[in-house]
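The values are calculated or read from the model by the stated rules, or taken from the named source; none is laboratory data. This structure is a prediction, so every number in the text was calculated from the model and none was measured. Because the Cβ atoms are built from the backbone with ideal geometry, glycine has one as well, and the counts that use them run over all protein chains shown. All accessible areas refer to the heavy atoms of the entire protein, side chains included, with ligands and DNA or RNA removed. Shrake-Rupley method; radii C 1.70, N 1.55, O 1.52, S 1.80 Å.
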Amino acid sequence: MALTVDEKGILATASGDSVNAGTRRALRQISQQRWLAPRNRYRVSAIKKIETDYKAGTLNSRQLTDYVAVSTPLHCCDGWAYLGRAIGCHLHGDPDSARHLAYYAELRATMGILASQGVAILDRSHFIINSDGKAILLKHGSTHQVAWEVLEAWAELNPAADFLGEVLVPGGQPLNQWVMAMPKGGSWQPIAKDWLLKLGLDLEFLTSDRQARNESSYRPTRLNRRISLTSEEAAKAAREIWGLLEPSPSLSFNEIDRYLLRLTLETAFRATEGSSPSQNRRRFAEIVNSVVEANIVGADKPLWTQFLERKIKPADPEIIDLIRLSRRNIVSKLADRQIRSPNHHLSVMARALLLLRLASGSTRRMFDNVGIKFDDLSFWWHPYGTERGLWQVPPAAEHIADGWASMREDLDDIDEWLDSVTAGTYHELLSKMPSLLTSLTNLEMVGLWSLAS
């Protein structure tokens, strides 16, 4: 069920600037090694107090805004943790638990993105923060229903287009700059409005993810025989996820961003030229040369051109294709709603990956807007990383991404195993590479380095 016209009107008044104001106020508390002031009413038992205050007409908009602001990085990192645990279940041949956890990664990423834009997805009552800093009721309903309705409606708004165009930075340049460098002056706004939907992040997909999560969470999972992924397929998928997350020296997400750029330019080309890149290769090559010339400096230009024209790495990683897994394979229309595709949990994980990429971008942009340095938050991330087993001694903020070097060894081990195995088993995969269940499930590290760089 989509938002009503009136609810969409309220949503359009949500203000990311008001949330930034709350984050600026948090700077004073951060200097005292805490997120919120001790007197903030919503610091403890937030949901219960917000519901009580709203019913009594005493909701404190300023304190709620501060709560929403600091929830953004916390939702983001919690979402990365859920996706990491989903990878662990996936490598254990347990798609149902992986689906359950990946769904919550989707949800927490969405809550973080919307919080940064002035939308508080809470429990039964959900609010927007308007440009005056006032909290306005948006809608009543369950978190699991309202979050997806709001995400789809928000994706159609101009602020969403600005957000998407700024937080994805292939080659260090905002995505909207790449599109606007197209010779016909490609307009970013109409492309951005369909961007999330074209990638499969629409209400039908996300509602289906919720329904499938219900099956995994509440129903007997082996009542009927299923087709499962082989251990080789499972290892390849986990390796692809981490490969897309490989950081460059200056960019946290350059690898995944460049694949998303390629899909975006192809979409923009179809919209402006009326044909696909494969139908008009010469014209597409001209456009690629133009946008690369405008956005890339130095010796890497030929590599970018070849990549965008699909002359190198022509196929998208399967995990990106799975974001758009065909609807007929998601949930069958049979009464028992058996999940048909052995890839379905990977499709949920893929959508979570994309949403988390956006959540990290929104948090990083918020930090930059108000002048928060990652070192300012050491009171949070030092013990967080220690408790999650990421390190014995917290590293300097600029060295968090150095952990990728040890990840590279595990990924190389997976590659070697995939090259040598003919009919492997999950037992063989995990017994030969036991460190996988430590390293490949620690996606908290990605959440942290995305905020530190």
Q: Just need a number here: residues in region 11-46 that are within 30 Å of residue 152 (Cβ to Cβ), among the β-branched types (Val, Ile, Thr) and crowded, with 18+ Cβ neighbours inside 10 Å.
A: 2
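Answer yes if at least one residue in region 225-243 is of a type in the set (S, T, N, Q), over 23 Å from residue 358 (Cβ atoms), out of contact with any Cys (no Cβ under 7 Å at 6 or more places or on another chain) and part of a loop (DSSP other than H, G, I, E, B), and no otherwise.
Looking only at region 225-243, we keep the residues that are of a type in the set (S, T, N, Q), and these are 228, 230-231.
Filter again for over 23 Å from residue 358 (Cβ atoms), leaving 228, 230-231.
From what's left, out of contact with any Cys (no Cβ under 7 Å at 6 or more places or on another chain): 228, 230-231.
Restricting the remaining residues to those that are part of a loop (DSSP other than H, G, I, E, B) gives 228, 230.
Yes: region 225-243 contains one or more residues that are of a type in the set (S, T, N, Q), over 23 Å from residue 358 (Cβ atoms), out of contact with any Cys (no Cβ under 7 Å at 6 or more places or on another chain) and part of a loop (DSSP other than H, G, I, E, B).
Residues being open to solvent by less than 90 Å² (accessible area, probe 1.4 Å) and part of a helix (DSSP H, G or I): count how many of those fall in region 47-64. Step through it out loud before you land on a result.
So in region 47-64, the residues open to solvent by less than 90 Å² (accessible area, probe 1.4 Å) come out as 47, 49-54, 56-61, 63-64.
Next, only the ones that are part of a helix (DSSP H, G or I) stay: 47, 49-54, 56, 61, 63-64.
So the answer is 11.
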Q | Cβ-Cβ under 7 Å pairs, at least 6 apart or on other chains, region 223-248 side farther than 16 Å from residue 439 by Cβ, far side of a type in the set (Gly, Ala, Ser) and buried (at least 16 other Cβ atoms within 10 Å of the Cβ) | A | 228/93; 231/424; 232/424
Q | Test set (1) over 17 Å from residue 8 (Cα atoms); (2) touching a Pro at 6+ places or on another chain (Cβ under 8 Å) - residue 74 fails condition number | A | (2)
Q | Answer from 24, 34, 41, 62 - the residue that is more than 29 Å from the chain's Cα centre (by Cα) and touching a residue at least 12 places away in the same chain (Cβ under 8 Å) | A | 41
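Within region 365-453, which helices (runs of 4 or more DSSP H) (wholly inside it) include 2 or more residues that are among the small types (Gly, Ala, Ser)? Give the derivation first.
Values: elements: 378-387, 404-420, 426-432, 436-439, 444-452.
Counting at least 2 such residues, we get 378-387, 404-420, 444-452.
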Q. Given the residues 435, 420, 453, which is the only one that is open to solvent by 70 Å² or more (accessible area, probe 1.4 Å), touching a residue at least 24 places away in the same chain (Cβ under 8 Å), out of contact with any strand residue (DSSP E or B) (no Cβ under 6 Å at 6 or more places or on another chain) and hydroxyl-bearing (Ser, Thr, Tyr)?
A. 453
